[in-house]
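Everything below concerns the one structure shown next.
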Amino acid sequence: MKSYAIISDIHGNSLAFEAVLKDIRSRGIKQIINLGDYFFGALEPEAVANLMRENEMLCISGNTDREILQAIDSDFTKEGMDRVKADLSEKSITWLRTLPKTSTCDGLFFVCHGTPESDDEYLLEKVTAKGVFIHNDEDLVKRTAHIKERIILCGHSHVNRVIYLSNDKIILNPGSVGLPAYLGNGEHRFAMESMTPHAKYAVVHADGDHVSIEQVLCAYDWHKASEAARKNGNEKWATFLLYGRMPKELRVE
C-alpha cells in the first residue's frame, strides 16, 4: 500500500501549512501532491515559499499563482496583490514560472487546480443564482471522460469533498490548507464555506484497486492567523480564518 498527502490552497498561511506538514510527517507519508494557490492572501507569502523549498512535493499552478505572475508582467491587479508581490523573493517568483497547469502521478492521479481545462472554474460545484450545488453524476462522468487516471484531484473551491462516480472514478478535493472560506464574485455572488477553521488536507491510501481516503482537519493557532490578517488590513480574511464561514454582514441570502 502506498500513501499520498493531497494539499491545496495554502494562500500564504504559514501557520496552517506548518501544522499540515507536521501531521503528514507524523504519518510517515513521503509523497505530497500540491494543487496550487500557494502565496496570495493576507498572510505570509515568502514564509510559505521557504517551507515549500524545504519539503519536496509535486506542484502545479493555481489561479492566484497565475495572477501573481500577471501582476508582475502586466498591469493586472487585485486587492492585496501589491503586498504579496512586495513580500515574494525573486527566487519564489521564478519558481512560480516553472509550474505546469496540470500533471499526473503514478498512473493513478490526474492533478488540476480547478478543472482539467481551467484554473479558475470549479469541477464539482455549480454556482447559480440560488446557491452553490454539486454537479450530478452524469455531468461529472461526462466532464472527466477524457481523463484516464482513476482519481482526479482538484482544489479551488476550498471545500473538502470526495465524489465517487458511477464509472468507478473518484474526484477528490482536499479542501484548503490556509483559507477555510471566501466570498466569490462572478456572474453570481456566492460563498464558499468549509464551516470549520481547521487546516485541511487529504490522505489517499492506494493498494491495487482498493483506495481509502481520509479527510484530515488539523488544529493550529487560527486566532494568531486571524489577527495577522487583521493587522494586514483584511477584516474579511480575519473572520474567514477564525470561523470557516461568512460573517453575518457578508452572508449570501
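The values are calculated or read from the model by the stated rules, or taken from the named source; none is laboratory data. Nothing here was measured: the structure is a model prediction, and the numbers come from that model. Using ideal geometry, Cβ is built from the backbone for each residue, glycine included, and neighbour counts are taken over all protein chains shown. Side chains are part of the model used for accessible areas, which takes the heavy atoms of the whole protein and leaves out ligands, DNA and RNA. Shrake-Rupley method; radii C 1.70, N 1.55, O 1.52, S 1.80 Å.
Quick notes on this structure:
- Bins of 10 Å, starting at 0 and running to the largest distance - Cα pair percent for the stretch 86-152: 17, 38, 26, 17, 2
- D by Stokes-Einstein for the stretch 1-98, Kirkwood Rh over Cα pairs, 10 °C, 1.306 mPa s: 115 µm²/s.
- Share, in percent, of DSSP beta bridges within the chain that are antiparallel, nearest 5: 70
- Cα-based radius of gyration of the stretch 44-146 once divided by 2.2 N^0.38 Å, which approximates compact folds: 1.28
- Taking all protein chains together, 239, 144, 77 sort by accessible area into 77, 239, 144, largest first [probe 1.4 Å].
- A DSSP coil position with no more than 15 other Cβ atoms inside 10 Å describes the following GluC sites (Glu not before Pro) in the stretch 5-77: 56.
- Net charge dipole, the stretch 25-179: roughly 500 debye, given to the nearest 20, about the Cα centre with Cβ charges of +1 for Lys and Arg and -1 for Asp and Glu.
- Helices that extend 30 Å or more along their long axis by alpha-carbon positions and average at least 0.5 on the Kyte-Doolittle scale are absent among the DSSP H runs of the chain.
- Divide the volume of the convex hull around the Cα atoms of the chain by the residue count and you get 121 Å³ per residue.
- Spin-label model, residue 57 to residue 139: label points 7 Å out along the Cα-to-beta-carbon direction sit 3.0 nm apart.
- Apportionment of accessible area to carbon and sulfur, the chain, percent (1.4 Å): 49
- Along the chain, the exposed loop sites are trypsin sites (Lys or Arg not before Pro) outside DSSP states H, G, I, E and B with at most 10 other Cβ atoms within 10 Å, and the longest stretch free of them is 1-129.
- Set of lysines near residue 91 by C-alpha distance (under 24 Å), chain-local residues within fewer than 8 positions excluded: 78, 101
- Hydrodynamic radius of the stretch 165-252 per Kirkwood, over alpha carbon pairs, in Å: 14.7
- In the chain, taking the dipole from charged Cβ atoms about the Cα centre, the farthest positive-side position among 244, 93, 12 is held by 244.
- Solvent-accessible surface of the chain, averaged per residue with a 1.4 angstrom probe and all protein chains in place: 46 square angstrom.
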